[in-house]
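Each value in this text was obtained by applying a stated rule to the coordinates, not by laboratory testing. What you see is a predicted model; the values in this text were computed from it and never measured. Reconstructed Cβ throughout: ideal geometry from the backbone, glycine too, with neighbour counts over all protein chains shown.
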């Protein structure tokens, strides 16, 4: 670990993730339900809007990633993009969370599109910046563990709003408006802290290469190391996204849990995830990133089986089970992105070009695709099975479909991800060989990079 990567600087770097993640949670869990119930748009139309905008937004990521890689300024490659994206995201999120009365389907699509553009810029910039902060195998895990911790802190804080205040108000839209206030306040503040307190190291001398085109993007997609990471990220992201999109529907209708208690279950799940982050980070230094991720994915699958047999009436036991399930959720996001940074070293050694931004775009794309498939496909399936949000009685086929979509499909995806990531070829030993070779290349090129301060 570089001496300059102190806890204070890592916390400052991670600070924008609080608001970015706080925004991401209601995008998946609260807003689809909010627009389908409070705003009153058809369930299928809401699912279609989220699916279409996510798919359109994915095409923007490689363009942004390529532009970031070629950005040169005294502030770095990625920091200027974060500075530019934060205001856009603040304004567009305000429009999405605070729609006017009678908001229509086109309004939802446009507000979503603007929000996701701003989200892409901020997410890609911070992700790429984190990958560039250090080239050390274990230090990268620590960097992204702090990043994941900030993300989870943002989720927990935004969840506290409906958990603490919404039940006392007879206003179904209060929670969404209050979450909007939290996000709109913390995003500019967290971004300012990161930009002022953390510098970005200069790129390696081999980073300057030809502009990345479609061929470079496709070549990265088919690289064995990258392909395995992307597929794992897509599948586990889809699984967790399905849990998020269906969380309230599952516990309200299948388990018959009271609305206030459902929020407590979600809160316990996120607290568990935050507590799990240092556990997985410590385990990584002992058995490696890929084995640690495999253990977490198996634990995730087992936790879903526990949830399915959970007694419906005992919500207190549910809090304990959801906390334990949450312990398994934090490993995948930060370990896969740490492994992505390692894959960037492999790419630079073989091609001579630093594609950090483009690799971040690939991972952002899988994250978005999984999040889009989750509400888009599941909501359409449930509507086809006759599921009606808020109805006191649901068809038996809809309840069975909800169980299959919330528990058993993600469970199978989790097991598949564990098997897949165990065969990841870029181990710590192999990465050490790559870093030695890159050190020789950089020495010949006259690399004078300094660690970030």
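Take the alpha-carbon positions of segment 57-168, form their convex hull, and give its projected area averaged over all directions (one quarter of the hull surface) in nm².
On the way: hull surface 37.7 nm².
Its average projected convex-hull area is 9.4 nm².
Taking the Kirkwood radius as the inverse of the mean 1/r across Cα pairs, report the Rg/Rh of segment 365-434. It would help to have the intermediate numbers written out before the result.
Numbers: Rg = 18.4 Å, Rh = 14.9 Å.
Rg/Rh for segment 365-434 comes to 1.23.
So for the chain, averaging the separation of alpha carbon pairs under 8 Å that are six or more residues apart and normalising by length, what relative contact order in percent results? Mind dumping the intermediate values first?
On the way: 705 pairs, mean separation 128.8, N = 453.
Relative CO of the chain lands at 28 percent.
State the Cα centre-to-centre distance between segment 387-427 and segment 69-90 in whole Å.
Using only Cα atoms to place each centre, the spacing works out to 37 Å.
Contour minus end-to-end for residue 275 and residue 4, with contour as 0.36 nm per residue of separation and end-to-end as the Cα-Cα distance?
95.0 nm
Once R0 is set to 35 Å, what does the formula 1/(1 + (r/R0)^6) return for the Cβ-Cβ distance between residue 215 and residue 429, expressed as a FRET efficiency to the nearest 0.05?
Working: r = 31 Å, r/R0 = 0.89.
Here the calculated transfer efficiency is 0.65.
How do the peptides 290-302, 251-263 rank, highest first, by the average count of neighbouring beta carbon atoms within 10 Å per residue? Could you put the intermediate results ahead of the total?
Working: 290-302: 21.6, 251-263: 17.8.
Going from most to least packed, we get 290-302, 251-263.
Once both labels are modelled 7 Å past Cα along the beta-carbon direction, what's the residue 399-residue 110 spacing in nm?
Using points 7 Å along Cα→Cβ, the separation is 4.3 nm.
In deg cm²/dmol and to the nearest 500, what is the mean residue ellipticity at 222 nm of the chain if only DSSP H runs of at least 4 residues count, each as -39500 (n - 2.57), divided by the residue total?
After summing the helix terms and dividing by residue count, I get -25500 deg cm²/dmol.
Hey, got the Cα dimensions of segment 1-114 along the principal axes, in Å, largest first?
Cα spread of segment 1-114 along its principal axes, largest to smallest: 53, 29, 22 Å.
Compute the normalised compactness of segment 36-103: alpha-carbon radius of gyration over 2.2 N^0.38 Å, N being the residue count.
Numbers: Rg = 16.6 Å, N = 68, 2.2 N^0.38 = 10.9 Å.
For segment 36-103, the normalised Cα radius of gyration comes out at 1.52.
Taking 7 Å along the Cα-to-C-beta vector as the label spot, tell me the residue 74-residue 282 distance in nanometres, rounded to one decimal.
Distance between the two pseudo-spin positions: 4.5 nm.
Under a no-solvent Debye model with one identical scatterer per Cα of segment 246-350, what's log10 I(q)/I(0) at q = 0.14 Å⁻¹?
So the normalised log intensities work out to -0.60.
Can you give the relative contact order of segment 186-341 as a percent, counting alpha carbon pairs under 8 Å and 6+ residues apart? Walk me through the numbers on the way to the answer.
On the way: 112 pairs, mean separation 45.3, N = 156.
29 percent.
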